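K.L.:
Take this structure first; my questions come after.
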Amino acid sequence: MPTAPRTAPPPRPSLTERRKAETQLEIARTAAALFAERGAAVTADEIARASGVALRTFYRYFRTKEEAVVPLLANGVREWLDDLATPPAEAEALPVREVLERAARRSLTPADEPAAEALRWTRGLLRVAPGEPALRAAWHRVHHDSEEALRPVLARLTGAGPLQVRLAAAAANTAMRVAVEEWAAGDAAPDGPRGPATLAVRALRALTAGLPELDAACGAYTENERESEGNPGRRGERKGGSAAGRGR
């Protein structure tokens, strides 16, 4: 089977950028713990003091106290997207649907205690979010941004048209969000048969069942495009013929 060219990993962030991200994540963890414990009564000053930073440092990173939880909420989503953007070589023979499921399992199965703790903090946030519009907005913004970032990844993996890619991104992103929300509403452990990873796979299968584009082998379309670069006739055939096929 032909293999698609591997996507080069993104450049490593600078030391300054890494330190900034670590500080933001530490503030986010503290904010999540305080919100889960006290709800909207917590203040930005309390979050800053508990995080060991000055209030002006807090506001250099975040505009509001609710925005402080975004790095924590976005962390798992970012791991999922990074995993999909650079799938392992053996994934090229797998259907895109299976690659999505495997990435979901990896991102939502805690590899260590800090990862499990992050999921528990997320659970605490989601439990108080229904009564806190600003926290709900932060959660939904994370997933809106995730869906936007997922589109070009799925476009490259599937070669589907814009509508199909948008539907697939919306379905996959919604499956991840609903799985975490459903898990957070209960008392199941972060791992195991009732954990968010298992729920995410179930949700992915339910919401993407009507998307045959995800049954294609991961990366095969990219290889076809590379082979047709020197063949204008084949490029025209791809743009014309396959568009009709994708519109079925």
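K.L.:
Check the stretch 116-134 and report whether any residue there is in contact (Cβ under 8 Å) with a residue 60 or more places away in the chain and not in a helix (DSSP H, G or I).
P.N.:
yes
K.L.:
State whether one or more residues within the stretch 187-209 are hydroxyl-bearing (Ser, Thr, Tyr) and touching a Leu at 6+ places or on another chain (Cβ under 6 Å).
P.N.:
Within the stretch 187-209, one or more residues are hydroxyl-bearing (Ser, Thr, Tyr) and touching a Leu at 6+ places or on another chain (Cβ under 6 Å).
K.L.:
From the list Thr86, Thr109, Thr43, Thr64, exactly one residue is at pLDDT below 90 and open to solvent by 30 Å² or more (accessible area, probe 1.4 Å). Which is it?
P.N.:
Working: Thr109 fails: at pLDDT below 90; Thr43 fails: at pLDDT below 90; Thr64 fails: at pLDDT below 90.
None of the other options fit; the residue is Thr86.
K.L.:
Another question about this same structure. Among the candidates Arg29, Arg18, which residue alone is modelled with pLDDT under 85, in a helix (DSSP H, G or I) and open to solvent by less than 80 Å² (accessible area, probe 1.4 Å)? Before you say what the answer is, go through the steps one by one.
P.N.:
Numbers: Arg29 fails: modelled with pLDDT under 85.
On inspection, the qualifying residue turns out to be Arg18.
K.L.:
Name the pairs: first residue in the stretch 135-159 and free of Cβ contacts under 8 Å to residues at least 12 places away in the same chain and under 18 Å from Leu72 (Cβ atoms), second residue assigned to a helix (DSSP H, G or I) and of a type in the set (A, V, I, L, M), Cβ to Cβ under 6 Å, at least 6 apart or on different chains?
P.N.:
Final answer for the pair search is Arg136/Ala129.
The values are calculated or read from the model by the stated rules, or taken from the named source; none is laboratory data. As the structure is a computational prediction, the values presented were derived from the model and not from experiment. With ideal geometry, Cβ positions are generated from the backbone for all residues, glycine too; neighbour counts draw on all protein chains shown. Accessible surface is based on the protein model in full, side chains and every heavy atom, while ligands, DNA and RNA are left aside. Shrake-Rupley method; radii C 1.70, N 1.55, O 1.52, S 1.80 Å.
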